[in-house]
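Structure, as structure tokens:
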Amino acid sequence: MVLYVTALWFYALMASLVFGASLYESLVVHPAWSRQPPESFAGFVAVPISRMEIAAFWMPAAPLFALSSLVATAAAFSTGLHALPLMLSTVCAVTGVAWTLVYFRPAIVCFLEHGGGTMSVDRLRLQARRWILLNWIRVALVAVSWWGALAALATSR
């Protein structure tokens, strides 16, 4: 039971960190780079992007978020607990990180590191709007993960 509670605390901490960072990026950073592509990309095309080390934060945070959810869920199952909020939370966390690797990360590299590549301005603007819209769905997945981690933590005593 000690392993489960420890893993759950770590997962709740990671979920809180990722949820907060996701909201900050969605409300502050994303509107800045997506305002008027490709012109608005200019301030974000550099290393580090716009004086922010975004990748340096997300490279360890995202895998730790997904991995900690899996460890907490495995620990719950090993103690005989089958908490629905934790299972839903883990599914959302792993789905969000997988979606990031498959879609969000490659698209943002195209937008910000390659200035949109060879896409026309109209296509680039459409793709940026689509990215922003889909990101809000990803934020909702993180929110469910956060809720599930906290709900499991609240009932773990």
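Readers should treat all values here as calculations from the given coordinates under stated rules, not as data from a laboratory. Just so you know, these numbers come straight off a predicted model, no measurement behind them. For neighbour counting, all protein chains shown are included, and Cβ atoms are generated from backbone atoms with ideal geometry for every residue, glycine included.
Taking the stated definitions as given, is Leu67 touching a residue at least 24 places away in the same chain (Cβ under 8 Å) and among the aliphatic types (A, V, I, L, M)? Give the steps one after another, and end with the answer.
On the way: touching a residue at least 24 places away in the same chain (Cβ under 8 Å): no; among the aliphatic types (A, V, I, L, M): yes.
No, not satisfied.
Go through the stretch 79-134 residue by residue and tally those that are in a helix (DSSP H, G or I), among the polar types (S, T, N, Q) and under 18 Å from Ser40 (Cα atoms).
So in the stretch 79-134, the residues in a helix (DSSP H, G or I) come out as 84-113, 121-134.
Narrowing the set further to residues that are among the polar types (S, T, N, Q) leaves 89-90, 95, 100, 127.
Applying the additional criterion that residues be under 18 Å from Ser40 (Cα atoms) yields 127.
Count: 1.
Quick one: which residue in Val109, Val121 is surrounded by 12 or more Cβ atoms within 10 Å (Cβ to Cβ), more than 27 Å from Gly148 (Cβ to Cβ) and touching a residue at least 40 places away in the same chain (Cβ under 8 Å)?
Working: Val109 fails: touching a residue at least 40 places away in the same chain (Cβ under 8 Å).
The match here is Val121.
Scanning for something touching a helix residue (DSSP H, G or I) at 6+ places or on another chain (Cβ under 7 Å) and either in a loop (DSSP other than H, G, I, E, B) or surrounded by 18 or more Cβ atoms within 10 Å (Cβ to Cβ) (or both), does the stretch 52-63 turn up at least one residue?
Yes - at least one qualifying residue is present in the stretch 52-63.
Out of curiosity, is Pro60 over 24 Å from Ala140 (Cα atoms) and not charged (D, E, K, R)? Outline the logic, then answer.
Working: over 24 Å from Ala140 (Cα atoms): no; not charged (D, E, K, R): yes.
No; evaluated as a whole, the condition is false for this residue.
Return the pair list, or none, for Cβ contacts closer than 9 Å from residues in the stretch 1-24 that are β-branched (Val, Ile, Thr) to residues that are not in a helix (DSSP H, G or I), at least 6 apart or on different chains.
If the second residue must be not in a helix (DSSP H, G or I), the pairs left are Val5/Ser156; Val5/Arg157.
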